[in-house]
1. Among the residues of the stretch 1-53, which ones are of a type in the set (Asp, Glu) and buried (at least 20 other Cβ atoms within 10 Å of the Cβ)?
2. Suppose the filter is at positive phi and crowded, with 20+ Cβ neighbours inside 10 Å; does residue 213 pass it?
3. Would it be correct to say that residue 433 is over 15 Å from the mean Cα position of the chain (by Cα) and open to solvent by 10 Å² or more (accessible area, probe 1.4 Å)?
4. Just to check your reading of the model, which residue among 524, 490, 510, 460 is more than 30 Å from residue 385 (Cα to Cα) and among the β-branched types (Val, Ile, Thr)?
5. Of the conditions (1) more than 15 Å from residue 222 (Cβ to Cβ); (2) in contact with a Leu (Cβ under 9 Å, 6 or more places away or on another chain); (3) open to solvent by 30 Å² or more (accessible area, probe 1.4 Å); (4) at pLDDT 95 or above, residue 99 clears all except one; give me its number.
6. Return yes when residue 229 is under 29 Å from residue 45 (Cα atoms), without any contact (Cβ under 8 Å) to a residue 40 or more places away in the chain and outside any loop (DSSP other than H, G, I, E, B) and no when it is not.
7. Being farther than 16 Å from residue 359 by Cα, surrounded by 15 or more Cβ atoms within 10 Å (Cβ to Cβ) and among the basic types (Lys, Arg) is the filter here; which residues of the stretch 505-534 pass it?
8. It is to be established whether one or more residues within the stretch 158-165 are farther than 19 Å from residue 209 by Cβ, open to solvent by less than 20 Å² (accessible area, probe 1.4 Å), outside any helix (DSSP H, G or I) and touching a residue at least 12 places away in the same chain (Cβ under 8 Å).
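The values are calculated or read from the model by the stated rules, or taken from the named source; none is laboratory data. No experiment lies behind these values; they were computed from the predicted model shown. Because the Cβ atoms are built from the backbone with ideal geometry, glycine has one as well, and the counts that use them run over all protein chains shown. Just so you know, the surface numbers come from the protein's heavy atoms only, side chains and all, with ligands and any DNA or RNA stripped out. Shrake-Rupley method; radii C 1.70, N 1.55, O 1.52, S 1.80 Å.
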Amino acid sequence: MKIIIIGAVAGGPSLATRLRRLDEDVDIIMFERGQHISFASCGLPYYLGHVIKERDSLIERTPEVLKEKNNIDVRIQTEVTAIDPEQKIVTATNLVDGSTYTESYDKLILATGARPTVPKINGLTDATNLFTIRNVTDADKISDFIETNHPHHVTIVGGGTAGIELAENFQLRGLTVSIVERSEHVAAPFDPEITEILEKQLIKHKIDLHTNANVDKITEQGKSIHLSSGETLKTDMLIFVTGVVPNSELAPAAKITLAPDKHIIVDEHLQTNVADIYAIGDVIETTSYITGLPIQSVLSSAANRQGHLLADALLGADLTYRGFIGAGVAQVFDMTVSYTGYTEQALEAAGVMNYQSIFITPFDHAYFYPNAKRLNLKVTYHPSTGAILGAQAIGHSGVDKRIGELSVAITGNLTVHDLPDLELPYSPPYSTTRDPLNTAGYVAINQLNQADLMVPLKEIPADDLKSAFFLAIHEDGKTNTGSITPNLSIPLNDLRDRLAEVPTNKKIYITHRPGLNNYTAARILAGHKYEVSIVEE
């Protein structure tokens, strides 16, 4: 059997090496139009920040190693320009000498990934200091520019986690950094409870943030950035991290079905609609393991696992791809932010509105052990079944551990009802006797059991907005986070002693504040015969 793989960064090499371990006789050819294969693209920001010192450490394999060790024919700087599924041949062009030839296949795998996209902006094409970053060649260009031009300021357009990682690492190189993000918050699609903490962390470390801002035009060959806010940023370097688009240009002529956003649609066997043509990695649309809805598969970790599974399936194993969950983590100076599954914003973007969420802020390890800090954890779940739809967290330690455990819980089809029963390792430096995940389960179950206490802001009767009593229970020194101005604020710890200040002849609404305290306050008031609800925003 002859297998051709187009693309050799993440999924392609994983597939090829697994194939070889399973079968010595299969003929494997892998095409890559770039200069490098099997490189750690997620490590590029840390190489630019000199955290990773050796460039070659980012390149896991070379064509020579794959040939000698695995007998895989890797053809770099060679672009496949056409697929003929009827003749089962591909047309390839050598980008060095321009020669073109065809190659036959029995099975064809598209692992072509995605490429950066840059919005159309007046003056963009005149910029001489503009870069994107997706591969080692891009990193080399940026590194050479820094070494040659000695810039003092860099502007990063795009405030996703990749842009944030670059910001930290450019600052490590001694550059002053600005981030321009068109959305209200950085790090979409993390929810506001998480991004507000993240933004404070960036500001604390002197990253210049510009949210709700578009780049209207660029002048002075990239040295002046004019924002929609009316501000003008002077800069020495421009890095665009504004998203990616799939490399699926080969698909239409081969009659391979694409989603509206141009991702290649695959089934549970990672096969396209065309016989003997498969696809893996960033280029595909698969289904969500959580909801069954269409979803992009955008992580190198997923591409690697897909390649491994597909290799077994191509050689006869009865395996199916169960779907994409999504799990990511990023370092933000001395904090960590992580997610698995859907955030609240992602659920709503997918049209899923039937969900509940809890937000808790327990200590990341025993409070009596030095350096205990708050772990900010949000879990989203289905209100009927308790199925975990996603989770996100930010904190100083134990963040990735908790999110990883919740990803495992999703994979195992556990619900919030199972979280209190999880037996998780405990020692004062690492956790609490009741782990934050146990606490998340208790709070979610309480929320389900007391659903009648929760009232969405938009469902509060108009008469109540005029005549009810709105109570905030935040601690002294903290501000109310809800959109309703409270009639009175009493810290939770003082509530029992100050009940006389809360009227008994009015309905009480506890204004929105993420966490367990609102529920605790509601139980106190209900125990003293108050009619009480919690405002949900």
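1. Residue satisfying the conditions is 32 alone.
2. no
3. yes
4. Checking each option against the conditions leaves just 490.
5. Here residue 99 clears every test but (2).
6. no
7. If the condition is that a residue be farther than 16 Å from residue 359 by Cα, surrounded by 15 or more Cβ atoms within 10 Å (Cβ to Cβ) and among the basic types (Lys, Arg), then 506, 507 are the ones that fit.
8. no
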